[in-house]
Structures are given as structure tokens and as C-alpha cells.
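**Q** Dumping the structure here so I can ask a few things about it.
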Amino acid sequence: MPKDQGGLLKAITGVRMPMLLAYHEAANKFGEMQPEGKGMDWSILAGIAKVESNHAAGHRIGDDGTLAKPIYGPRLVGDGTGGNTSRHNDTDQGRLDGDKQVERAVGPFQFLPATWATTGRDGNGDGEKDPQNVYDAALSAAFYLGGDGRDLTQPDQLHAALMSYNHSEAYVQEVTHWINRYRSAAKEATALPSVSGDAGTVIKAAHKQIGTPYSWGGGNRRGPSRGICCSPGGKSGAAIKGFDCSGLTQYAYARAGVQLPRTAAAQASVGKRIPPSKGVAALRPGDLVFFAYSPSMDATIYHVGIYVGGGKMINAPRPGTKVRIEQVWGGGFAGGARVL
């Protein structure tokens, strides 16, 4: 997802990563494929999927986005189950829902087979349109909600779109509640304090690198670069252009005219040292924050981030991740350094 905030969004919302990625990718693809539609964002899709399937809770998601076990809604025989009082006769010989008599909603977004026949999209580029695939289903929901040039930034048009998905005011209100919650979570995940001076320069520089891949040995004062081989876990950064933790801090502080040494342990010797016994509360935005195998011994420091306030830091966490904002880790907290 752009400007990756996945780890923190996952922690705040409780939505697992494959679903978050599906929502973000679908909103972005919709914007590229149908630029006349406005206002489609991941939170709208997340709100729908929360109410329809609780984000496919209890269902393992494969690498391609397909659910290991399909999701089927109740048989729509018109008996009031699930709030449905109209019988929906089968339209696809049971191909999608396994029922040759009546319809059943399918997948994490609970599409009726008849609706899927006209709305289904290939979201993961495998040439198939599968309502049990989270990428396909999310992109299809984006087109269903945002098609015909709707402007979903307008409350009345968003209301109409949700109503078309399920003609129930109670349903619309519940989905809207979740949309607002997810939007608040996104703001929390990306929020930065209002910091001026050199500290503000450092934080803004690091923030612009959110989403840049982690690369072992990568990054320097000039910016991201290819790294080296290999991390203690055997991960090579030689083919990855990005930052490791101290490469990121070198780059950000250089924007404020401060030349930091290359390694996290060496950076602990710069500026005023803030001991771990003082706690996170002693840190100020713009401070370096350290983590060590033995917090009382600077020689064992293995990681560094940039404190942004509110108990959060910007850092390049580890191989396989991207630069992001997250909570200051509790494990191994080794204090900080006030360089500015």
C-alpha cells in the first residue's frame, strides 16, 4: 500500500494484512481505471467487508488472495434469514454458491452470483474472476460502489452507494460507522506532531521515506541505496535499494546538517545520552531511540529509530519490511540520544 502504514494500521484496526492490502490495492486500481469516479478509498471497502464477513474472519487467505475455505451466506428462500424476505432463485446452476435452487451470497464481500456475473473483476491479475478471492472481490466492490461517476466524497452519494449494496438504512449506518472508525485509524497511523526547527526537518525527511524497502546495509546521508550481504538472519540487501535502520537516521539527520556515524551503536555516542531508566516519556520528537540486547550496554545496541512523539517512532524495522511509523518497542528499549 502507498506510504506503507500496514503494521500500525493492523495494530489499530485489528484487520489482518492480506485484507488491508486488498482494500488499498482495489481503491488505487479503481482510481486508475475509472478516474471519473471520486472518493473511493480503502476505508469504504473495509467498512463493507467488516459488516459482510468481518474481514473473512476464520478463513485462511492464500498467497494469491484466495480463501482456503469459501464463504457462503444463507440460502435466500425469503424466510427472513439475514434480513432477507424475498426469494432469490438460482441464476448460475450453483456454479458459485453450490446451490442449484436458490441464490447464496458468496465471498468476503457477499456478492450474489447474479450480481457477480455483471460486476466481477480480476483484481490479482491471474485472468480469473473469483468472488472468493479477496483482491477480485475488493476491486469488484469498488466498481459496484463507485461506478457511474459517483463522487463518494459527498455524503449523499456515499449513502446512495451503500444503500445500493444493501437496501437497509440500518446496514448503511453500520457500514458508515466502520468507515469512520477506519478513517480515524488511518489518521492516527500517519499523524505527526507539529514540530519546528531541525527536529521538524529530520522527522519530515524520514516521513517522506515511509514505504521505502528495508535493505540490510542500505542507505546513507544521500538517500536510499543498495545494501550488502548479509543480516544475522541471512538476508541480503544487495539487490534491494532502500534503508536499514541507521542508514535512515543518517539520511534524515543529514537534512538538518548533522553527520551521524554509520551504525546504530556508534550513533548512541552522539549528543546527550538519555538512559533507558528515564523511559520513553523522557524522549522528545527528533531524538534518536535505541534498542539493545543488553539495554545497559551501548555496545549491544542493534537498532535505532527517530522518535516522533506520542510513543511512536519512524524506523526501518527489519528485512522484509518497509520504513514505517510504529510504537516504540518495549523489548530491548535502550533509551535515546538528543542530537539536536
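Values in this text are rule-based calculations from the coordinates and carry no lab data. As the structure is a prediction and not an experimental result, all values here were calculated from the model. Glycine gets a Cβ as well: all are built from the backbone with ideal geometry, and neighbour counts include every protein chain shown.
**Q** Apply the Karplus curve 6.51 cos²θ - 1.76 cosθ + 1.60, θ = phi - 60°, to the phi angles in region 212-218 and return the couplings in whole Hz, x for Gly and Pro.
**A** Result, rounded to whole Hz: 6, x, 6, 9, 4, x, x.
**Q** So, one more: Please list, in order along region 29-37, the HN-Hα scalar couplings obtained from phi with the Karplus expression 6.51 cos²θ - 1.76 cosθ + 1.60 (θ = phi - 60°), rounded to whole Hz, x for Gly and Pro.
**A** So the J values, rounded to whole Hz, are 5, 4, x, 6, 7, 9, x, 6, x.
**Q** Over the Cα atoms of region 197-338, what Rg and Dmax result, in angstrom?
**A** 13.6, 40
**Q** Which angle from 0 to 90°, rounded to the nearest 10, does the C-alpha axis of helix 134-146 make with the longest principal axis of the chain?
**A** Here the helix axis deviates by roughly 70 degrees.
**Q** By how many nm would the segment from THR118 to SER277 grow when fully extended, if each residue of separation counts as 0.36 nm and the alpha-carbon distance is taken off? Let's see the in-between values first.
**A** Details: separation 159, 0.36 × 159 = 57.24 nm, distance 6.19 nm.
The span from THR118 to SER277 would gain 51.1 nm if fully extended.
**Q** Separate question: For the pair CYS230 and ARG16, what calculated FRET efficiency results from E = 1/(1 + (r/R0)^6), where r is the Cβ-Cβ distance and R0 = 30 Å, to the nearest 0.05?
**A** Efficiency, rounded to the nearest 0.05: 0.55.
**Q** Which of the chymotrypsin sites (Phe, Trp or Tyr not before Pro) found in region 202-296 are loop residues per DSSP with 12 or fewer other Cβ atoms within 10 Å of their Cβ?
**A** Counting only loop positions with at most 12 other Cβ atoms within 10 Å, the chymotrypsin sites (Phe, Trp or Tyr not before Pro) in region 202-296 are TYR293.
**Q** Right, another one. Looking only at ALA265, ALA199, ALA282, which one moves most when the chain is put into a Gaussian network model with springs between Cα atoms under 10 Å?
**A** ALA282
**Q** Residue farthest toward the positive end of the dipole of region 138-293, with Cβ of Lys/Arg at +1 and Asp/Glu at -1: which of CYS230, GLY286, TYR165?
**A** Going by the Cα projections, it comes out as CYS230.
**Q** Related question: Output the pairs from LYS38/LYS100; LYS29/LYS235; LYS272/LYS312; LYS208/LYS235 with a Cα-Cα distance over 29 Å in this structure; if there are none, say none.
**A** Violating the 29 Å limit, Cα to Cα: LYS38/LYS100; LYS29/LYS235.
**Q** Using 0.36 nm per residue, how much length does the chain from GLU174 to ASP99 gain when fully extended, once their Cα-Cα distance is taken away? Could you put the intermediate results ahead of the total?
**A** Numbers: separation 75, 0.36 × 75 = 27.00 nm, distance 2.91 nm.
That works out to 24.1 nm of additional length.
**Q** Let me ask something additional. When percent of Cα pairs over 37 Å apart is calculated directly from the model, which label among (i) 36; (ii) 51; (iii) 32 fits?
**A** Computed from the coordinates, percent of Cα pairs over 37 Å apart corresponds to (iii).
**Q** Same structure again: When the helix-only estimate is applied to the chain (DSSP H runs of n ≥ 4, each -39,500 (n - 2.57), divided by the residue count), what is the mean residue ellipticity at 222 nm, nearest 500 deg cm²/dmol?
**A** -10500 deg cm²/dmol
**Q** Another question about this same structure. Distance from the Cα centre of region 24-51 to that of region 209-228, in angstrom?
**A** One Cα centre to the other: 31 Å.
**Q** Among GLY218, GLY73, GLY233, which one shows the highest mean-square fluctuation when the chain is modelled as a Gaussian network with alpha-carbon springs under 10 Å?
**A** Between GLY218, GLY73, GLY233, it is GLY233 that shows the largest mean-square fluctuation.
**Q** Here is a further query. Below 15 angstrom from the Cβ of LEU260, what's the summed charge of the other residues (Lys, Arg +1; Asp, Glu -1)?
**A** +3
**Q** Need one number for region 250-310: average projected area of the convex hull over its C-alpha atoms, nm².
**A** For region 250-310, averaging the hull's shadow over all directions gives 4.1 nm².
**Q** Given labels modelled 7 Å from the Cα in the Cβ direction, how far is it in nm from ARG181 to ARG262?
**A** Each label point is offset 7 Å from its Cα along the Cβ direction, giving 4.8 nm.
**Q** Right, another one. Which of the GluC sites (Glu not before Pro) found in region 75-172 are in a DSSP loop and have at most 16 neighbouring Cβ atoms, other than their own, within 10 Å?
**A** Within region 75-172, the qualifying GluC sites (Glu not before Pro) (loop, at most 16 other Cβ atoms within 10 Å) are GLU128.
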